[in-house]
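Report on the following structure.
The values are calculated or read from the model by the stated rules, or taken from the named source; none is laboratory data. As the structure is a computational prediction, the values presented were derived from the model and not from experiment. Every residue, glycine among them, receives a Cβ derived from its backbone with ideal geometry; neighbour counts consider all protein chains shown. Please note that ligands, DNA and RNA were not included when accessible areas were found on the heavy atoms of the full protein model with its side chains. Shrake-Rupley method; radii C 1.70, N 1.55, O 1.52, S 1.80 Å.
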Amino acid sequence: MELFNQVGDLLVQVISNLTNPEAWKTALSSPGVRLAAFIVLNLIVFTETGLLFGFFLPGDSLLVTAGVVAYLVEWPIHFLIPTLCLAAILGDSSGFLIGKVAGPRLFRKEKSFFFRKDYLLMAQAFYEKHGGKTIVLAKFVPIIRTFAPVVAGAGRMPYRRFLAFSICGAIGWINSMILLGYTLHLWLDPLLKPIFGPDFQIAKHIDKVIIVVVGISVLPIAYKGFKGYLAKRRAARLPSPPTAVGGL
């Protein structure tokens, strides 16, 4: 019961502070909550990659924060990383199954609070452009990582092929984000101490690191949106074709 309460409390603290990584760091590094923290991290990774309503959950930012916490409180990342990889793979498979079972009905479904049709169409466009490797690339793009497995399932990608891409993407994503947070102090502190002073510690400024990480991760979506905007502007400037008059 105590573990259950800890898991519930941590989930509430993470979800109610979606834009406050410092609150996550404080909650995850509290004494005696290591197992609960591992469970919460795995639940969030599974939900974000496997359930349609998980698109709003923090992915990259939470994993980088978890890496920082893992260093500060000496978490065994050789246990944490494999479980998170498995959670991401199982989440992908869940999304794939949803797409395979629901299929075209999802594309006809109207947007609701828990389902965003425009995000599904965005993932479909991403999939049509990049093919099977979308499942790998999507892990590093918020929102797309939630809906890409669904599109693959709806498109009847062979599951074995999908699973191979899913494993590669999960391993690359989880390891890069966790180890980025875990090693920040090793390479970023020496670079910034000459600028900000000998007492500077990047772990005390995790919120700024997260802003950079999130900014980089949303660049593909921002770039695609900007290209679409320019295309519409160019189309609007083109002269309309002449209208025929009478029998001429």
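General remarks:
- By average C-beta atoms within 10 angstrom, highest first, the peptides 128-140, 49-61: 49-61, 128-140
- Cross-link pairs beyond the 25 Å C-alpha cut-off, checked among K25/K133; K117/K139; K117/K208; K25/K208; K111/K208: K25/K133; K117/K208; K111/K208
- At R0 = 45 Å, FRET efficiency that the Cβ-Cβ distance of E2 and D189 yields, to 0.05: 0.80
- Sites V12 and A235 - FRET efficiency at Förster radius 41 Å, r taken between beta-carbons, to 0.05: 0.30
- Remark: region 1-76 carries 43 Å² of accessible area per residue (probe radius 1.4 Å; ligands, DNA and RNA excluded).
- Contour excess over end-to-end distance, with Cα ends at R160 and D199 and 0.36 nm allotted per residue: 8.9 nm
- Loop-located GluC sites (Glu not before Pro) in region 36-113 whose Cβ has at most 15 other Cβ within 10 Å (DSSP): E74, E110
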